[in-house]
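Undergrad: Here's a structure for you.
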Amino acid sequence: MTSSESKDIIAWVMNKTGESEPSDFAASGGTIRPINRCSDAEILLVAQKMRQTLIEVLGEKKGNDIYSLEWLIQRVEWHLDCQQTVAEIYLAEDNQGTIVGHTIVRKDFNSNKRVIGLFSTTFVAPSFRKTGVATELLEEGEKWILEQGLLSSETHTAEDNLKLINLFQQRGYTQFEGENKMVILKKNFGPSS
């Protein structure tokens with residue numbers, strides 16, 4: 001896909017999904033930006049919030065026990081290593097510069113071995129939920145996916161993670177059954193979707 005074709009599809013998708021009124025988050029001066037790849041503090045914060053997501057979805061014991069904080073830090077760093085993967089981590093900052101959310105998106109393969117954009121994880125601080133942060137993170141991730149020339153996106157989550165499932169379904173994702181009480185949310189981009 002050429003750069004021009006990619007820009008046309010991005011414009012078409014953003015127009016189709018209705019980027020209209022700014023969210024409460026954006027209207028209050030909140031912004032979405034890429035992580036500072038050299039900031040140990042931002043890497044640690046994302047790893048800690050990945051742990052918090054696991055606790056919310058899996059419960060306190062399993063969420064704490066499934067991965068060590070060291071492993072989560074290494075996982076964030078893996079996403080930032082361009083020799084390992086093609087990925088981006090987006091941070092949501094409030095108008096005071098406090099990081100209140102993140103999403104990790106990367107090139108990956110689906111079950112059919114087709115290259116897709118995968119939302120690896122998304123987190124929004126509880127006090128910033130229902131303000132548009134998650135939607136803005138999702139939109140930024142989708143834009144990145146399209147800039148990579150990819151025409152489909154997925155995320156995998158627990159079947160009872162209704163907040164995330166609802167968020168993605170509101171953005172046009174379709175839910176499919178996965179394995180081990182997981183679901184896959186998929187979206188195809190472009191005029192034929």
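Undergrad: Six or more apart or on different chains, Cβ atoms under 6 Å: show the pairs whose first residue is in segment 128-156 and within 20 Å of Asn112 (Cβ to Cβ) and free of Cβ contacts under 8 Å to residues at least 60 places away in the same chain and whose second is in a helix (DSSP H, G or I) and among the aliphatic types (A, V, I, L, M).
TA: Ser153/Ile145
Undergrad: Give all pairs with beta carbons closer than 8 Å in which a residue from segment 164-193 that is within 19 Å of Leu58 (Cα to Cα) meets a residue that is in a loop (DSSP other than H, G, I, E, B) and aromatic (Phe, Trp, Tyr); count only pairs at least 6 apart in sequence or on separate chains.
TA: Here the result reads Leu185/Tyr173, each pair linking segment 164-193 to a residue that is in a loop (DSSP other than H, G, I, E, B) and aromatic (Phe, Trp, Tyr).
Undergrad: A further question follows. Among Val57, Val86, which is the only one that is touching a strand residue (DSSP E or B) at 6+ places or on another chain (Cβ under 7 Å), open to solvent by 30 Å² or more (accessible area, probe 1.4 Å) and modelled with pLDDT under 95? Even if it seems obvious, please write down each step before you answer.
TA: Working: Val86 fails: modelled with pLDDT under 95.
It is Val57.
Undergrad: Six or more apart or on different chains, Cβ atoms under 6 Å: show the pairs whose first residue is in segment 89-118 and in contact (Cβ under 8 Å) with a residue 40 or more places away in the chain and whose second is basic (Lys, Arg) and open to solvent by 40 Å² or more (accessible area, probe 1.4 Å).
TA: Leu91/Arg33
Undergrad: Filter segment 60-83 for residues that are open to solvent by less than 60 Å² (accessible area, probe 1.4 Å) and free of Cβ contacts under 8 Å to residues at least 12 places away in the same chain and give the result.
TA: Asp81
Undergrad: OK, next. Of all residues in segment 129-163 being in contact with a Ser or Thr (Cβ under 7 Å, 6 or more places away or on another chain) and surrounded by fewer than 21 Cβ atoms within 10 Å (Cβ to Cβ), which is farthest from Phe189 (Cα to Cα)?
TA: So the residue we want is Thr135.
Undergrad: May I pose another question? I'd like to check which helices (runs of 4 or more DSSP H) are fully inside segment 68-174 and have at least 1 residues that are closer than 27 Å to Asp24 by Cβ and of a type in the set (Asp, Glu).
TA: Numbers: elements: 69-80, 133-147, 162-170.
Correct list: 133-147.
The values are calculated or read from the model by the stated rules, or taken from the named source; none is laboratory data. Because the structure is predicted, anything quoted here is derived from the model rather than measured. Virtual Cβ from ideal backbone geometry, glycine too; neighbours counted across all protein chains shown. Note: areas computed on protein heavy atoms with side chains; ligands, DNA, RNA excluded. Shrake-Rupley method; radii C 1.70, N 1.55, O 1.52, S 1.80 Å.
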